[in-house]
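Take a look at the structure set out below.
The values are calculated or read from the model by the stated rules, or taken from the named source; none is laboratory data. Keep in mind the model is a prediction, meaning the values are calculated, not measured. Backbone-built Cβ (ideal geometry, glycine too); neighbour counts: all protein chains shown.
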Amino acid sequence: MSKKSCGIAFLPAVTSILWESEAQKDRMEFLRELDLKAEENHIPVHYSWVNTTCHPEWFKYFDVQSFSAPTVIYYNPQHHKHEFTIGKFTKKSLAESELQFVRGKMSLRVTPTKQEDIQLNEKDCQANLFDEANESDEGFDDILAEILAEEEERKKQ
């Protein structure tokens, strides 16, 4: 079978928290295992993943809420339809979802974004995270200046 469907994992790639970093490694490992197993068993699903911390636009592509991550989107590009998994992100639950998808037992919905608009644009994810951290410090300089000015006033009194 040359035409394949996709199992796209939406993973928040948070590596600053040790347990989340370990969970990310585990998720990526069993996605690799699922992909290899699918290939060995001639199952027409190719697995990949998207770092939704860096590429949040992918939630919009498939009309999925961001709190659903981690999840897997099963996408059939021939029919431009998809559905995402609900429940635990485990080998067992994903294998069951894959079976439902392949057997046509998973209800699929029309993907709202045109195929040509679904793109993974290259980004510097580390810079993106740095920019977001700086945005959360908005107004920090003003607040600091106010505090310093109040401290100067107290010293004068």
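For this structure, a couple of remarks:
- Evaluation of Val64 against (1) of a type in the set (Val, Ile, Thr); (2) modelled with pLDDT under 90; (3) surrounded by 18 or more Cβ atoms within 10 Å (Cβ to Cβ) (one fails), failing number: (2)
- Residues that are more than 12 Å from Glu98 (Cβ to Cβ) and either hydroxyl-bearing (Ser, Thr, Tyr) or surrounded by 12 or more Cβ atoms within 10 Å (Cβ to Cβ) (or both) within the stretch 34-47 comprise just one, Glu39.
- Of the strands (runs of 3 or more DSSP E) contained entirely in the stretch 1-120, those carrying at least 2 residues that are touching a Phe, Trp or Tyr at 6+ places or on another chain (Cβ under 6 Å) and hydroxyl-bearing (Ser, Thr, Tyr) fall at 71-76.
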